[in-house]
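Participant: Have a look at the structure that comes next, please.
Any read-out appearing in this document is the output of simple, stated calculations on the displayed coordinates, not a laboratory observation. This structure is a prediction, so every number in the text was calculated from the model and none was measured. Please note: Cβ atoms are built from the backbone with ideal geometry, for glycine as well, and neighbour counts cover all protein chains shown.
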Amino acid sequence: MSYQIAIDGPAGAGKSTIARKVAKQKGFIYVDTGAMYRAMAYYLLTKKVNPEDEHGIEENCKNADITICYEGGEQVVLLNGENVNGVIRREEVGNMASASSPNPKVRERLTLLQKELAKTNNVVMDGRDIGTCVLPDADVKVYLTASARVRAKRRFDELSEKGISCDIEQIEADIMKRDEQDMTRKVAPLKQAEDAVLVDSSNMSIDEVVGVILDLCEKCEKERDCRWK
């Protein structure tokens, strides 16, 4: 029986960083669903699909083969056999992902792969609808968030360290716009699952957040042991 940890939350909340660390601590597989949607978005951009062209998105997504593998202990996202780790974190890709991810055909294709991975492996999976749609029966569910300003500052620092010129006010505006899009979309909107634990990381370190989630896992494991005895 596999063990599933679902981490949901808005853009820039630190889901991927936290999920990777939790997976490493637990010895689980980390499934970055956001990276899978970004890979799809990157593919659509290469095909010059307009973000508002739903039919174009549906037709083109059929030809995108997206998989996740591990090389040297690092997660690699493959798009039609090509490693796209280096391009899927761009701002334009993120914006396209927010526009294309609500499309039922896109979600249907990627959700199937995510569910299959979780059936046979102990996983930590992060995204926007993991606890509500992809893994509704996950053992541990967390809704990880932070204020829009804090999330913008984190992104600003990340880009600045890479030597990329950016405007924190514009980053914050983009984050707030994406929040609105993700929370109001018709298909699998971003929301906290009823049984998810809310964790606001605005004033927490990465290690503190990881510690909270590991404590939740320990509590869950004790409850599972009691049920099996």
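Participant: Highest GNM mean-square fluctuation, the chain, Cα pairs closer than 10 Å: which of CYS217, CYS133, CYS166?
Facilitator: Checking each option, the largest mean-square fluctuation is seen for CYS166.
Participant: A further question follows. Considering only the range 5-140, what is the antiparallel percent among its DSSP beta bridges, to the nearest 5?
Facilitator: Numbers: 8 of 17 bridges.
Within the range 5-140, antiparallel bridges account for around 45 percent of the total.
Participant: What translational diffusion coefficient, to the nearest whole µm²/s, does the chain have by Stokes-Einstein, given a Kirkwood radius computed over alpha-carbon pairs, a temperature of 10 °C and 1.306 mPa s viscosity?
Facilitator: After rounding, the answer is 88 µm²/s.
Participant: Hey, in the GNM for the chain with a 10 angstrom Cα cutoff, which one of LEU44, LEU190, LEU159 fluctuates hardest?
Facilitator: LEU159
Participant: Right, something else. Placing +1 on the Cβ of each Lys and Arg and -1 on the Cβ of each Asp and Glu in the range 33-121, which of LEU113, MET96, MET36 has its Cα farthest towards the positive end of the resulting dipole?
Facilitator: Result: LEU113.
Participant: Would the range 33-121 count as rounded, prolate or oblate if I go by the C-alpha gyration tensor, calling it rounded below 1.5 in a/c and otherwise prolate when a/b exceeds b/c, oblate otherwise?
Facilitator: Taking the square roots of the gyration eigenvalues as a ≥ b ≥ c, the range 33-121 is oblate.
Participant: Which loop-located trypsin sites (Lys or Arg not before Pro) does the range 1-102 contain, where loop means any DSSP state but H, G, I, E or B and the Cβ has at most 10 other Cβ atoms within 10 Å? List each step's numbers first, then the result.
Facilitator: Details: sites: LYS15, ARG20, LYS21, LYS24, LYS26, ARG38, LYS47, LYS48, LYS62, ARG89, ARG90; in loops: LYS47, LYS48, LYS62, ARG89, ARG90.
Filter output for the range 1-102: LYS48, LYS62.
Participant: Something else now. For the chain, build the charge dipole from Cβ charges (+1 Lys, Arg; -1 Asp, Glu) around the Cα centre, then report which of THR184, ILE7, VAL140 sits farthest towards its positive end.
Facilitator: In the chain, that residue is VAL140.
Participant: Dividing the convex hull volume of the alpha carbon atoms of the range 120-161 by its residue count, what do you get in Å³ per residue?
Facilitator: 104 Å³
Participant: Considering only DSSP states other than H, G, I, E and B, which GluC sites (Glu not before Pro) in the range 167-229 qualify as loop sites with at most 16 other Cβ atoms within 10 Å?
Facilitator: GLU194
Participant: Need one number: % antiparallel among DSSP beta bridges in the chain, to the nearest 5. Spell out each step's value before the answer.
Facilitator: On the way: 8 of 25 bridges.
Once the DSSP bridges in the chain are tallied, antiparallel ones form about 30 percent.
Participant: Among the listed pairs LYS21/LYS141; LYS15/LYS153; LYS48/LYS115; LYS47/LYS177, which are separated by more than 26 Å between their Cα atoms? Can you show the working numbers first?
Facilitator: Details: LYS21/LYS141 16 Å; LYS15/LYS153 15 Å; LYS48/LYS115 29 Å; LYS47/LYS177 24 Å.
The answer is LYS48/LYS115.
Participant: Using R₀ = 25 Å, calculate the FRET efficiency as 1/(1 + (r/R₀)^6) where r is the Cβ-Cβ separation of CYS166 and VAL76; round to 0.05.
Facilitator: E between CYS166 and VAL76, to the nearest 0.05, is 0.40.
Participant: Additional query: For ASP195 and GLU92, calculate 0.36 nm times their separation in residues minus their Cα-Cα distance, and state this gained length in nm to one decimal.
Facilitator: Once the chain is fully extended between ASP195 and GLU92, it gains 33.7 nm.
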